[in-house]
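**Q** The structure under discussion is supplied below as structure tokens; questions concerning it will follow.
The values are calculated or read from the model by the stated rules, or taken from the named source; none is laboratory data. Not measured: the values here are computed from a predicted model. Cβ atoms come from the backbone with ideal geometry, glycine included; neighbour counts cover every protein chain shown.
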Amino acid sequence: MGLIAIGAAIAVLTGAGAGVGIGIATAKATESIARQPEAKGDIRTALLLGCALAEATAIYGFVIAILIIGKA
Amino acid sequence: MDNLLEELQSKTAFTIPILGGIPVADSCVVTWIIMAVIVLLSIIFTRKLKKVPTGSQCILEGIIDWLDNFFLGILGQKGKKYLPFLETLIIYIAFANLIGLFGFVPPTKDVNVTAALAGVAIIAVQLSFIIEKGPLKWLKSLLNPINLLDLVTRPLSLCMRLFGNVLGAFVVMELIKTGLCAIGVPVIASAYFDIFDGLLQAYVFVFLTSLYMAEAIEEE
């Protein structure tokens, strides 16, 4: 069970990339809302979309980890 | 932990007793239920449509208007004939993700369902290319290796994104229910994971499909 656990843990490290990416995107989004408050709606839509897409790579890591644990 | 892993597999609901028994999976039965619900809702809401809308017809027209404008904004006027397909896709995926709230197992938790949805979406994109520009141009576009690779990676990412999100929501909810506390806390977590995430993933899936379609049918 030891190596399996380490393998699954390494697989989930992809979450770090998603966290950094979404953090940067949110920073830029809040900056642009501060600069132009009328575009709030469009910026919010773009932000949500970008976050959902960036989240995908973290999800891939999660699915692989589940597969690793499941296949033992 | 083993209990959790067991629940991740898809179970057979019943077996059709012809040709040596065809197993019908859990997710298939729930999909039938969703189909019945959507058909019933469609029949109920479209009875006695009036020229000047009132009540429930107002809400319905509002939703369809919003969806129409959203997709036409991405596809342009040429995309009018693909609207029914895309709107059906988003309604089905939204229902499928949300039906976890009613005690059923969401069919999108089964990777076969999401793979089928991704396959259908990509076939629709290629078909839109062929309809707009003809089959010869489609074959010529496949000579570019990036387009060929896209044919494989795009459905894979669509499938895995939807499946991973629904599976992750399910796992977290199970852990909260069994590990933390079965009353109160799941409501907040469910509101985020089930409702928000489910709707967002349906939106992202269909938005990406329409984006690929817009790329395929645009004039150069």
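**Q** With a cut-off of at least 2 residues that are without any contact (Cβ under 8 Å) to a residue 24 or more places away in the chain, within 14 Å of chain A (Cβ to nearest Cβ) and on the phi < 0 side of the Ramachandran plot, name the helices (runs of 4 or more DSSP H) lying wholly within the range B:113-220.
**A** Fully inside the range B:113-220 and qualifying: B:145-175.
**Q** Is at least one residue of the range B:88-99 modelled with pLDDT under 85 and either surrounded by 13 or more Cβ atoms within 10 Å (Cβ to Cβ) or in a helix (DSSP H, G or I) (or both)?
**A** Looking through the range B:88-99, none of the residues is modelled with pLDDT under 85 and either surrounded by 13 or more Cβ atoms within 10 Å (Cβ to Cβ) or in a helix (DSSP H, G or I) (or both).
**Q** Let me ask you something else. Tally time: how many residues in the range B:15-49 are modelled with pLDDT under 75, out of contact with any helix residue (DSSP H, G or I) (no Cβ under 7 Å at 6 or more places or on another chain) and on the phi < 0 side of the Ramachandran plot?
**A** Qualifying residue count for the region: 4.
**Q** If a residue counts only when it is out of contact with any strand residue (DSSP E or B) (no Cβ under 7 Å at 6 or more places or on another chain), within 14 Å of chain B (Cβ to nearest Cβ) and more than 25 Å from B:Tyr192 (Cβ to Cβ), which helices (runs of 4 or more DSSP H) contained entirely in chain A have at least 3 such residues?
**A** Result: A:40-71.
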